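Working notes, beginning with the structure itself.
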Amino acid sequence: MESKLINLPRYLDKRGNLSFIEECNHVPFAIKRAYWIYDVPGGEARGGHAYRLNEEFIVALSGCFDVILDDGKKKKTYTLNRSYYGLYVPKGIWREMNNFSTNSVALILGSEPYDEHDYIRNYDEFINL
Ligand code: TYD
């Protein structure tokens with residue numbers, strides 16, 4: 001499956017809006033992990049790696065940021081700035097995140113538990129694979 005933006009359910013309400021995610025439904029994998037990135041100082045970038053197995057779904061819960069995906073041949077930049085959609089990132093894709101706005105929060109759901117051995121942190125190694 002290719003990387004793609006996935007719209008999430010939205011319950012618009014005068015009291016405040018609500019969205020949700022169910023595994024194997026709105027995201028195409030079983031969710032084994034959730035982590036979030038926050039308090040990112042201006043100008044900083046996160047990511048800069050690929051995963052051998054882990055698939056991800058990234059949501060801008062607050063604020064906005066860019067996700068740059070690179071399949072080894074071409075790069076694509078997605079700007080995430082709403083909490084009612086997210087970006088599906090398959091395994092084996094180099095990804096970086098940058099341009100974080102003040103107070104932005106990135107929620108990342110993963111298909112695998114954290115495992116440092118699943119990371120490819122060297123770009124040349126990624127290209128060779
Ligand atoms: P890393 O994935 O390298 O951050 P990013 O891709 O956003 O730049 O994670 C930074 C450190 O946090 C990593 O060395 C170990 C720790 N970590 C965990 O322990 N569990 C996790 O689920 C994640 C994502 C990171």
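Convex hull volume of the C-alpha atoms in the chain, normalised per residue: 108 Å³.
Couplings 3J(HN,Hα) for the range 84-93, derived from phi with the Karplus relation 6.51 cos²θ - 1.76 cosθ + 1.60 (θ = phi - 60°), are 9, 8, x, 10, 7, 10, x, 5, x, 10 Hz, where x marks Gly and Pro.
Of all accessible surface on the chain at a 1.4 Å probe, what whole percent is carbon and sulfur? Heavy-atom surface of the chain belonging to carbon and sulfur, 1.4 Å probe: 48 percent. Counting only protein heavy atoms and a 1.4 Å probe, the chain has 61 square angstrom of accessible area per residue. For the range 1-110, the list of GluC sites (Glu not before Pro) that fall in a loop by DSSP and count at most 15 other C-beta atoms within 10 angstrom reads Glu2, Glu22, Glu44. Listed by chain and number, the lysines placed with their C-alpha closer than 19 angstrom to that of Lys75 are Lys4, Lys91; residues fewer than eight positions away on the same chain are left out.
The values are calculated or read from the model by the stated rules, or taken from the named source; none is laboratory data. None of these values were measured; they are calculated from a predicted model. Cβ: placed from backbone, ideal geometry, glycine included. Neighbour counts: every protein chain shown. Protein only, heavy atoms only, side chains kept; ligands, DNA and RNA dropped before computing areas. Shrake-Rupley method; radii C 1.70, N 1.55, O 1.52, S 1.80 Å.
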